[in-house]
Every structure is written in C-alpha cells, then in structure tokens.
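K.L.:
Shown below is the structure under consideration.
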Amino acid sequence: MTSPTSQDSSPGPLPVITPHGEFDYQTVPLLQTQIDTAVAIHGGVILDATDITFTDSVFITMLLATHQRSRLRIVNPSPRLARLLSTYGVDQVLHIYPTVHAARNA
C-alpha cells in the first residue's frame, strides 16, 4: 500500500513529505499532487524517502521535474532507491542528504 504523508512539525522553511510504499505510474500522481502543493506554497520540499520500497522510471521523472522547478531535497533513500538513482546517474544531479536535519540545514 502506498501512502504519501506530510510531516511538518520541525522548524524550517521547507515542509517534509514522507511517502510510504511503492510508487509507480498508478501511484506517483498522488505524491506529485502533494509535492506540487508544497512547492507552490514553500518553493520546495524535503522528500523523506526512508520508507519508499519500490519506484520506477515515472518516479525518477517526477523527481527530476520537481528538482528543475523547485528546491527538492531527498533524504535517506533506501538501498534499492539509491541504486536506482545511481543507475540512472541522477544521484549526481539531485540533492540527497542522510537526514532530515541535514536537508533542513543545507
């Protein structure tokens, strides 16, 4: 089951979105809507990728599009997601941090 959830209890200008589960062509639009809302209000978002268990190229495309138009910070991608980001070479483009605290202070 996939469920994008927000968590914005920490101080700082960018909200944290903490999605859970699998994200593919069917579920990415729900996450995209939440990210778009945060970007419209705050100019960016911190995506805590700790609990993402599966993604595909649609998810990677969404990350790149969000990165190009906003301040996107990705936190703690799972080993599977980190490997996918590396395979596509986007880990060299995206801003990836080990913790939410590090992303907030970047």
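K.L.:
Between rounded, prolate and oblate, where does region 62-106 land on the alpha carbon gyration tensor, with a ≥ b ≥ c its root eigenvalues, rounded for a/c under 1.5, else prolate if a/b exceeds b/c?
P.N.:
Working: a/c = 2.26, a/b = 1.14, b/c = 1.99.
In terms of gyration-tensor shape, oblate.
K.L.:
First check a/c for the chain, with a ≥ b ≥ c the square roots of the eigenvalues of its C-alpha gyration tensor; if it is under 1.5, answer rounded, and if not, answer prolate when a/b is larger than b/c or oblate otherwise.
P.N.:
Values: a/c = 1.39, a/b = 1.21, b/c = 1.15.
Cα axes put the chain in the rounded bin.
K.L.:
Which value in nm describes the separation of the simple spin-label points at ALA102 and ASP51, placed 7 Å from the Cα toward the beta carbon?
P.N.:
Result for the modelled spin labels: 2.1 nm.
K.L.:
For a quick check: with amide H placed at 1.01 Å from N, whose amide H comes under 5 Å from ARG71's, ignoring anything fewer than 5 positions away on the same chain?
P.N.:
It is GLY44, VAL45, by chain and number.
K.L.:
Would you calculate, for the chain, the mean residue ellipticity at 222 nm contributed by helices, counting each DSSP H stretch of 4 or more residues as -39,500 (n - 2.57) and dividing by all residues, to the nearest 500? The partial results should precede the final answer.
P.N.:
Numbers: 4 runs with 43 residues, N = 106.
Calculated at 222 nm, the ellipticity per residue is -12000 deg cm²/dmol.
K.L.:
Tell me, what HN-Hα J-couplings in whole Hz come from the Karplus equation 6.51 cos²θ - 1.76 cosθ + 1.60 at θ = phi - 60° for each residue of region 61-75, using x for Gly and Pro?
P.N.:
4, 4, 4, 5, 5, 5, 4, 5, 10, 7, 8, 9, 10, 9, 10
Each reported figure results from applying straightforward, stated rules to the coordinates on display, with no laboratory input. The shown structure was predicted, so the numbers you read here are calculated from the model rather than taken from an experiment. Cβ sites come from the backbone with ideal geometry, for glycine too, and all protein chains shown count toward neighbours.
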